[in-house]
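Q: Here it is, the structure, as structure tokens.
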Amino acid sequence: MGNKEGTQRPLKPARLNRIVGPDLKGGLNMQRKSISRISMIATPVMIVCGLLASGAPARAQSQDDGPCSNRTLLGDYGFAVEGLILPAPGVTIPVRGVHMTHFDGNGKLTQIDSIILNGGPISDWTTVTGTYHVNANCTGTILLLPSTGGFVNLRIVVVRQGKEIHTVVWPPFDGPNRTVTSVGIKAE
């Protein structure tokens, strides 16, 4: 703990991460500066490359500044429907069906559907009209008006850049309660 003259000086803490001689210190500082400069350039470049590689679509933002709008749904979608009709406590009736829906990109739709209730057909290619609204966050609503009368309210989630739609029948119900869902895939 001292030097040759007998004076005591506190020891400097050892630097474990680098031990260099006096002639290498300047080179080490230059190397650090070079790495720092490279990092300042490489980091933003890597971020941009990552965003480009992620496949994020390059499109104009909607008026709501989100990735979805009514224009996200444009064209024909085939749906598979399944669920339960709940006419009374403890009573469940299975429902299955398919439908083809055409979305016009402006909030209107047309559809044909075929539905089986409790094992028997209740509609065979019934025509349906309706309206829809897609929010900027890719959620939305649909109101279906079957040609046979009545209405069906749906809540929707649009996924896969508008290539797939998930729905659930939502109250108020025209008729008994139900838990019916569907998944629609865009026809290619």
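Bear in mind these aren't lab numbers, they're just calculated from the coordinates by the rules spelled out. Please read all numbers here as calculations on a predicted model, not as lab measurements. Cβ coordinates were reconstructed from backbone atoms using ideal geometry, including for glycine residues, and neighbour counts include every protein chain displayed.
Q: Which members of segment 155-171 meet the condition of being touching a residue at least 40 places away in the same chain (Cβ under 8 Å) and either farther than 16 Å from H99 by Cα or touching a Phe, Trp or Tyr at 6+ places or on another chain (Cβ under 7 Å) (or both)?
A: V158, Q161, G162, I165
A quick yes/no check of all residues on (1) over 15 Å from L73 (Cα atoms); (2) surrounded by 14 or more Cβ atoms within 10 Å (Cβ to Cβ); (3) out of contact with any Gly (no Cβ under 6 Å at 6 or more places or on another chain):
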site: V91; (1), (2), (3): yes, no, yes
site: M100; (1), (2), (3): no, yes, no
site: F103; (1), (2), (3): no, yes, yes
site: K108; (1), (2), (3): no, no, yes
site: W125; (1), (2), (3): yes, no, yes
site: V134; (1), (2), (3): no, yes, no
site: V158; (1), (2), (3): no, yes, yes
site: E164; (1), (2), (3): no, yes, yes
site: W170; (1), (2), (3): yes, yes, yes
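Q: In addition: Taking interchain pairs and intrachain pairs at least six residues apart, which have beta carbon atoms under 7 angstrom, with the first residue in segment 173-188 and in a loop (DSSP other than H, G, I, E, B) and the second aromatic (F, W, Y)?
A: From residues that are in a loop (DSSP other than H, G, I, E, B), the pairs are D174/F151; A187/Y77.
Q: Report yes if some residue within segment 104-118 is more than 19 Å from V180 (Cα to Cα) and in contact (Cβ under 8 Å) with a residue 40 or more places away in the chain; otherwise report no.
A: No: segment 104-118 contains no residue that is more than 19 Å from V180 (Cα to Cα) and in contact (Cβ under 8 Å) with a residue 40 or more places away in the chain.
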